[in-house]
Every structure is written in structure tokens, then in C-alpha cells.
Amino acid sequence: MLSGIQAVIDSGEEHWTGEYRFREAGGSYASILHRGFLLREAGGRPARMIGAMQDITDRKRFEAELSSARDAAEEANRAKSQFIANMSHELRTPLSAVIGYCEMIEEEAQDIGASAFLEDLAKINANARHLLSLINDVLDISKIEAGRMDMHPETFAVEALLREVAGTVEALVEKNANTLSVEAGPELGTMHSDLVKVRQCLFNLLSNAAKFTQGGAITLSARRTGDRLAFRVADTGIGMSVEEQAKLFQRFAQADSSTTRRFGGTGLGLAITRAFATMLGGDIAVESEPGRGTAFTLTLPADVSTAPPEPEPAPEPEAAPDPADQASDRRLVLVIDDDPHARELLSRFLVREGFAVQTANDGEAGLRLARSLEPCAILLDVMMPRMDGWSVLAALKSDPDLAETPVVMVSLVQDKALGFALGAADYVTKPVQWSRLQAALERLRRDRAPGRALVVAGDEGVRAELRAILEDEGWAVAEAGGIEGAQGACARPDVILADLQLEDGDWVATLRRLRRTEAFAAVPIIAITADEVTGRDRAAIEGQVRRIVQTGDDGTEEELIAELRRIAAEPSGSRRRVERTS
């Protein structure tokens with residue numbers, strides 16, 4: 001304490017405060033608050049000191065108890081949020097099965113003419129979907145609280161997003177005899193953010209406007225100011241008072257209890273919207289007046305910077321392949337899903353569509369069956385024990401014998417961007433819309449041309465040989481005798497097969513000239529050479545080619561065909577210029 005006072009005198013300050021602990025005679029400690037000030041003469045020399053001491057032992061004890069209670073409450077809240085977030089699969093999976101079976105029964109009832117049941121089945125379906133949407137809201141807010149909500153930024157056109165969202169909610173808007181207008185233009189440009197979360201925010205705001213507006217007008221608009229975008233959803237509905245607006249973004253809260261009874265809902269939509277807005281670096285504001293409508297403005301940056309699991313239960317015994325199905329002349333589809341209801345529903349649908357079916361109840365079993373059965377397509381769930389769907393998809397695409405097999409992700413997890421990035425042919429979310437899955441399978445069923453291939457080689461015999469291989473694989477082929485005529489032969493190829501001897505043996509010059517052509521800058525290139533590839537040569541062209549194929553070796557043609565099939569199996573938007581060299 002004395003050293004603290006001396007420090008005040010030396011520093012020239014006039015006031016000081018500090019806390020000290022004293023050991024009392026009984027061995028306990030007391031907390032003391034010491035405050036005072038220093039009077040100085042005209043020249044700054046200390047004249048007098050006035051101070052006071054206060055026993056704050058009880059206050060410090062109360063503060064420690066409050067801090068401990070707060071920490072315990074926060075830990076309990078985190079545990080609660082973590083528990084609910086972990087329950088997402090278990091809560092939503094049974095409801096997805098209910099919806100799936102209900103839709104299947106509806107179709108069968110229509111087929112046999114049992115129209116008397118259709119109205120009741122439609123009610124079951126509608127209520128199950130409503131319950132699923134409520135559970136999704138609770139799970140979303142719990143994942144946010146538990147810190148398990150991730151961001152997946154991508155670049156997208158803002159105007160296209162607004163048109164898509166408006167089209168999706170059109171039926172909901174018309175339910176209460178409302179009209180929806182969209183004010184958007186190409187000047188909005190593109191946005192780099194989490195598309196799924198931005199879309200969900202707009203869905204929440206529009207559904208909120210549709211629910212609280214009867215026979216009115218709803219407007220969805222957007223404007224760009226510098227590096228920020230402002231999305232505005234305005235309605236002519238019931239509006240809100242200042243008091244109601246004050247608790248608008250609270251979780252599980254609505255304007256008042258009568259609102260909940262009249263309009264329903266959990267009161268989580270706006271809380272989730274604000275949480276998403278904060279995650280994306282933005283904010284949301286509201287303007288409203290009773291009887292005159294409400295307007296929400298969601299402001300987001302145009303470019304966002306992306307600021308041990310519990311033991312899994314043992315898998316069910318793997319079902320042995322059915323020899324009858326393997327011998328069938330129908331095309332075989334492999335279903336990999338840990339949920340038995342999902343496997344049954346998907347199997348029934350596939351059989352009805354004319355496919356043979358085999359199922360696996362976990363990722364490891366699915367990989368074993370995929371290698372032994374060589375299916376024409378694979379339907380793959382994401383959330384599975386031991387080995388999740390992302391790991392299975394990566395393993396499939398890294399296996400030369402399975403890389404060209406189309407994989408359709410069928411899951412509760414809504415992460416299409418990651419699925420396509422890993423090489424999925426399509427992505428269908430649960431509960432499955434059978435028409436959506438049917439369209440995906442129809443695309444796989446058709447024998448489509450893989451794309452356009454450009455052969456660049458000076459030797460006519462080499463060009464003819466490569467053309468034959470490509471055409472046998474279904475590619476449309478264009479030829480060029482040199483780099484100068486390459487773009488004229490095919491302006492936008494999907495793959496280039498280039499003879500590295502074009503520039504007098506200078507491989508690097510050949511590839512650089514191809515890459516300098518703007519239309520070829522991002523096209524996968526398969527380099528063809530008759531020379532041995534040394535380590536130095538390989539290092540020089542690393543990052544420029546998809547694969548190097550050396551002619552004259554055993555298995556050269558098979559190697560080239562396997563690579564072409566891998567490229568053909570990838571969605572065109574996910575093909576990358578550089579994968580690997582060998």
C-alpha cells in the first residue's frame with residue numbers, strides 16, 4: 001500500500017484507489033478498498049494526503065458467488081444447446097420417414113383410385129412438414145448458441161437470388177390473397193457470402209410478411225451502396241407498436257400472446273434471421289406502425305470473409321448382396337444410408353423406377369459393395385456413424401475404378417456447394433421430393449455426351465488415334481495442328497489433349513501458350529508425350545496440367561480413358577484446371 005501511495009506522489013497525480021487483502025488474527029482474509037487524494041502546494045510539492053479505507057469483504061464474496069453462478073448458468077445453457085444440436089439427426093430423421101411414407105401412400109392411393117383417403121393423407125403430410133419446419137427452427141437456434149453453425153461462402157448473382165426466392169414463396173404469399181412484387185436489377189451485381197443463409201433470411205422475412213398480411217401487398221427489393229447490399233421486405237399488414245418492436249428479435253417471442261394464438265409459429269424466425277445477419281457481418285432493422293404495415297431491412301456486406309466426437313453405435317449387420325438382383329438386366333443403384341426407413345423408401349422408389357437396388361447401412365459397408373457390385377449410380381447420405389457421407393464421397397472419387405460412378409447425395413444436411421465441390425453428380429435434400437429425385441435419376445439414365453474435347457497435335461496420326469479414343473467415349477472432338485489454330489477449332493472445350501512436342505520439345509512454352517489463351521485458361525489439359533518425363537520436366541509443368549500420359553507404355557490407353565471418364569463424371573461447374581500430375 002505504501003509503495004502505491006509513493007507511486008502517486010512521484011507521478012504527480014492527485015487521486016488514487018486500490019484494493020488490498022489483509023490477514024486477520026484468526027487466519028481469514030479481509031478485502032479493503034483504499035481511496036484518497038493528494039493536496040499539493042503551488043509548486044507541486046505534496047502538502048497533505050486525505051484517504052479512507054472501506055471493508056469490502058462481503059461485496060467481494062457476493063461478486064465471487066455471482067460470477068460462479070453466472071458461469072454455471074452459461075455452462076448449463078451451452079450444454080443444453082449442445083444437446084439439442086446433437087439431436088438434429090435423431091429428431092428430423094423419423095419425421096422425414098413419416099413424410100416419405102405419407103407421400104408414397106398418397107401416390108399408391110391415387111393409383112388404385114382410393115380418393116377418399118387423399119384428403120386425410122394430405123393433412124398428415126402438411127402437419128408433418130409444419131412440425132419439421134418448427135423443429136428445424138429450434139435446431140438452428142441451438143446450433144447457433146452451441147457455436148456449431150458454420151459458414152460456406154460462394155459467389156452468386158443477387159438479382160437471380162431475389163427472383164428465385166420470390167418464386168419459392170409465391171404460393172405462401174397468395175394463401176392470404178396477397179401480391180408480391182420484386183424490385184431488382186442487374187446493377188446489384190454479385191455477392192460472395194453464404195448463399196443458404198442469405199436465402200433463409202429472405203425466406204423468413206417474406207413468410208413473416210405473408211403471415212401477418214391479409215389481402216395486401218408485399219415488396220421485396222434490394223439496393224447496392226458501395227460494398228454493401230440492403231435487402232428490404234415491406235408489407236401492408238397489421239404492423240407493430242414501439243413496445244412490440246422492442247421484443248421482436250427475442251427468441252420464442254412474438255408481438256403478444258394473441259399473435260401466437262392467431263398466427264402460430266415458434267417466434268424463432270426473426271431471431272434466426274438476426275443471428276444469421278450477425279454471422280454474415282451485417283444487421284437487420286425494422287420500421288413499423290400499427291395498421292400500416294412493416295418493413296425489414298437486412299444489410300449485408302457484398303463480400304464476407306470466412307471469419308472429439310461421441311462414440312457412435314455399432315452399425316447393423318451388413319446385408320449380403322442379392323444374387324438375383326446382381327444377375328438382373330436392370331441397372332443397379334446402390335443406396336448408402338444408416339436409417340432403415342430411408343433405405344426402404346428409396347429402394348421402393350428405385351424399384352418402381354425400374355432399377356435394381358442394393359443397400360448398405362454405413363459408409364464402410366457401402367464402399368465394399370460399390371467395389372464389388374460396380375453400380376450405375378450411388379445414392380449417399382451424409383450423416384452416418386463411423387464414416388460420414390463426405391468421407392465416402394471423397395473415397396469414391398479417389399478410387400480409379402469408382403471415380404466415374406455418379407453419386408447423388410440424399411441428406412438432411414443442406415450443403416450442396418460442398419457436395420458438388422467433392423464431385424457429387426446431384427444433391428437432393430430430405431424429406432425427399434420424389435419428383436426431384438426422379439429428375440436426378442433421369443439425368444443419370446440418359447447417355448449424355450461428356451462434352452467437347454480439343455486435340456492439339458502436329459502429327460496427323462496422333463490426332464487420329466486420340467480422336468478415335470475420345471469418340472469411343474462419347475466426346476465431341478475438334479482438332480488443331482498447332483496452338484495458332486486451336487481456338488478457331490473449338491472456342492470452349494471441356495478438355496484439351498495436347499501433344500507436348502509442338503514447340504520444338506519445349507514443354508513449358510507449349511503449356512504457357514495454351515494457358516495464355518483466355519478461353520483455355522481454366523480448361524483441364526491432359527499432356528501427351530512420347531518422351532520420358534524426368535523429375536525436372538515434371539517440376540517445370542507442375543500446376544499446368546491435369547495429367548501427363550506417356551505414349552508407348554503398357555496401359556497408356558486405359559490410363560487416358562480412366563482420366564477422361566473422371567473428368568466426364570464431374571459436374572461441369574466443378575471441373576478444375578489442375579488436379580494432379582503423374
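Bear in mind that the values in this text are calculations on the coordinates, not laboratory data. Not measured: the values here are computed from a predicted model. As a convention, Cβ positions derive from the backbone with ideal geometry for all residues, glycine included, and neighbour counts pool all protein chains shown.
Sorting 208-221, 108-121, 155-168 by their mean Cβ neighbour count within 10 Å, with the most densely packed peptide first, gives 208-221, 155-168, 108-121. Tell me the label-point distance for the pair E374, L118, using the 7 Å Cα-to-Cβ offset, in nm and rounded to one decimal. Inter-label distance under the simple model: 4.5 nm. On the basis of the beta-carbon distance and an R0 of 30 Å, V286 and A157 show a calculated FRET efficiency of 0.65.
Label sites at E471 and T551, each approximated as a point 7 angstrom past Cα along Cα to Cβ, lie 1.7 nm apart.
Modelled spin-label separation between V351 and A217, with each label point placed 7 Å from Cα along the Cα-to-Cβ direction: 5.6 nm. Packing-based ranking of 451-457, 290-296 yields 451-457, 290-296, ordered from highest to lowest mean Cβ neighbour count within 10 Å. At an R0 of 45 angstrom, the distance between the Cβ atoms of N176 and S67 translates into a FRET efficiency of 0.35.
For the listed peptides 341-351, 509-519, a ranking on the average number of other beta carbons within 10 Å per residue, highest first, reads 341-351, 509-519.
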